[in-house]
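Colleague: The structure under discussion is supplied below as structure tokens; questions concerning it will follow.
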Amino acid sequence: MIDARAIRRDFPIFEQAMNGRPLVYLDSAATAQKPRPVIEAVRRFYEEYNANVHRAIHALGERATESYEEARRKVARFIHAPGPETIVFTKNATEAINLVAYSWARNNLRPGDEIALTPIEHHSNLVPWQLAARAVGARLRFFELAPDGEIRADRIDEVIGEKTRLVAVTQASNTLGTLVPVESIVAAARRRGALVLVDGAQSVPHMPVDVQALDCDFLAFSGHKMGGPTGIGVLYGRREVLESMEPFLGGGDMISSVRLDGAEWNELPYKFEAGTPPIAEAIGLGAAVDYLSALGMDNIRAHEQRLAQYALERLGALPGVTVYGPRERAGLVTFNVDGIHPHDLATVLDQEGIAIRAGHHCAQPVMDWLGVPAAARASFWVYNTEEDVDRLVAGLKTAKEFFGHVVGA
Amino acid sequence: MSLEHSHPVKLNELYRDVIMDHYRRPRNKGDLPDPTVAVDLHNPVCGDEISLKLLVEGGTIRKARFEGRGCSISQSSASMMAQQLEGKSLAEAETMLGRFKEMMRGDEQAGEALGDLVALSGVAKFPVRVKCALLAWEALERSLEQLR
Ligand SMILES: Cc1ncc(COP(=O)(O)O)c(C=O)c1O
């Protein structure tokens, strides 16, 4: 069980009032708040052992390197990776995906090859493939959506075919909340010998993810969406695939030897970590992983599921509110209120101390599919309570009343 | 029931009646065949869209029409702007543009000569919404540049 009220006290940001009221933060899908142990870990690094990693012959450097590598081991255990060498630290999920698009796709795809995606990808798991496809003459194919926003599992085999070389899918959608049937997709991809990249930006922070059970080739996610600092992301890669790949960025740390006319690459994962990495950020992410593991990812998923169902119920009962996406979903609800643009809604809610997201959620094709220019989204995490949902509902009523009055006036 | 008592004051400063009126019943909205200048603008962050078309004759804006979609602030701003542009000289339009921008920077005096548009002065207190109010004006700015 998650005691969200107690957990809230671990997050210093909730100590402040927002526009005179306790802050209701319903935008964790954009970025999550940070628990004290993460902030402490980053502070301790800078105050006690700040040094570069893998270079220094001094005690500070040794401690920095050890902590950085310990963070990598923590992340590996967290997603059940076979070893820390399969964990590449990046800037964020976007960079992790681009790493694969550059180092793998551009070197392995041929004209006519196909990449299969869902039509509900975040721009960061769509645009890199559009670019790669254009560069090599490959083609993008898309899985079919059911009317409620689920992926049609019965149509997967029609999209993954002979020519499919890569399948890149989100595990949980940041707009519709759809939980993508990754297992079936991996199975279909295996039958065709295609690789699978899973965008875990909205799953790793919210539910147990086991890369070996999923049997995916890549998993990308961002530290800042799981309580870690910004500026740190992760690419998990299957060892053989990572080994076969060319480096992404060139520079220091990623080489084993350099002559003027060439260089040999360093071993995994350093081959993909050119230059001084985000050290404090990785250590902070390690602390976030510890924090989440102590809460239990199963508990977190159950907690969010309860909140999402409660929110669906409450929002669904409000006249003039349209909720998008399937019933069984990730911990978020995307919706619109008749006659009130989501920006206006977000401004009214903000005055009430309630932070939601409004806009196209970096998923314009999803907005097109819904037939709306924009939508509002409330997303949940460990510190959210049913009371937060109640405050949201009250805020929506205020907004409707306010706009009703203004219009009627 | 008085809004002043039931809602934070700031909201009433932002959503003046005039704004909501233009949002619900936009003026000068629609297509304009054979415009002298046409500019489409899109705010990639929020998805707001404005398409502005002007018919200019002898240095005077005879017709101004806009199409678009977006929030109450962006659409009412476009509606009021287009309404006021008609009959103005290009130089006067330039002056309006300057005044509106100053108003968005918090200069309340700048709004006094802007008619109904002064209703948008409250937006200056909501920095994240200023870009909504400015979208139509950016389209005007580009139109004037093209006419130069
Ligand atoms: C599903 C999904 N993928 C990828 C990303 C990109 O994450 P980042 O901006 O941290 O790279 C996001 C962020 O919103 C997301 O929701």
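Colleague: Which helices (runs of 4 or more DSSP H) does region A:339-409 wholly contain that include 3 or more residues that are more than 11 Å from chain B (Cβ to nearest Cβ)?
Modeller: Result: A:364-370, A:386-408.
Colleague: Of A:L117, A:L197, which residue is open to solvent by less than 10 Å² (accessible area, probe 1.4 Å) and within 23 Å of A:A76 (Cα to Cα)?
Modeller: Criteria check complete, one pass: A:L197.
Colleague: Look at A:A76 and say whether it is surrounded by 16 or more Cβ atoms within 10 Å (Cβ to Cβ), within 16 Å of the ligand (Cβ to nearest atom) and either at pLDDT 95 or above or not basic (K, R) (or both).
Modeller: no
Colleague: Among the residues of region A:32-41, is there at least one that is surrounded by 20 or more Cβ atoms within 10 Å (Cβ to Cβ), over 21 Å from the mean Cα position of the chain (by Cα) and assigned to a helix (DSSP H, G or I)?
Modeller: Looking through region A:32-41, at least one residue is surrounded by 20 or more Cβ atoms within 10 Å (Cβ to Cβ), over 21 Å from the mean Cα position of the chain (by Cα) and assigned to a helix (DSSP H, G or I).
Colleague: Of everything in region B:103-127, what is surrounded by 13 or more Cβ atoms within 10 Å (Cβ to Cβ), within 14 Å of chain A (Cβ to nearest Cβ) and either of a type in the set (S, T, Y) or not in a loop (DSSP other than H, G, I, E, B) (or both)? Give them in sequence order.
Modeller: B:A119, B:L120, B:G122, B:V123, B:A124
Colleague: Which one is nearest to A:H122 (Cα to Cα), of the residues in region A:202-251 that are within 15 Å of the ligand (Cβ to nearest atom) and in a helix (DSSP H, G or I)?
Modeller: Result: A:K225.
Colleague: Okay, next question. Name the one entry in B:S79, B:S143, B:S74 that is crowded, with 23+ Cβ neighbours inside 10 Å, more than 10 Å from the chain's Cα centre (by Cα) and of a type outside the set (A, V, I, L, M, F, W, C).
Modeller: B:S143
Colleague: State yes or no: is A:F143 more than 14 Å from the chain's Cα centre (by Cα) and outside the structural domain of A:A308 (by TED's automatic domain parsing)?
Modeller: yes
Colleague: Among the strands (runs of 3 or more DSSP E) confined wholly to region A:257-338, which include 2 or more residues that are touching a Leu at 6+ places or on another chain (Cβ under 7 Å) and surrounded by 17 or more Cβ atoms within 10 Å (Cβ to Cβ)?
Modeller: A:321-324, A:332-337
Colleague: Hey, any hits in region A:45-60 for a residue that's more than 18 Å from A:G233 (Cα to Cα), modelled with pLDDT of 95 or more and touching a His at 6+ places or on another chain (Cβ under 8 Å)?
Modeller: yes
The values are calculated or read from the model by the stated rules, or taken from the named source; none is laboratory data. Since the structure is predicted, the reported quantities are computational estimates derived from the model, not experimental observations. Ideal geometry is used to build each Cβ from the backbone, glycine not excepted, and the neighbour counts take in all protein chains shown. Remember, those area values only see protein heavy atoms, side chains included, never the ligands or the DNA or RNA. Shrake-Rupley method; radii C 1.70, N 1.55, O 1.52, S 1.80 Å.
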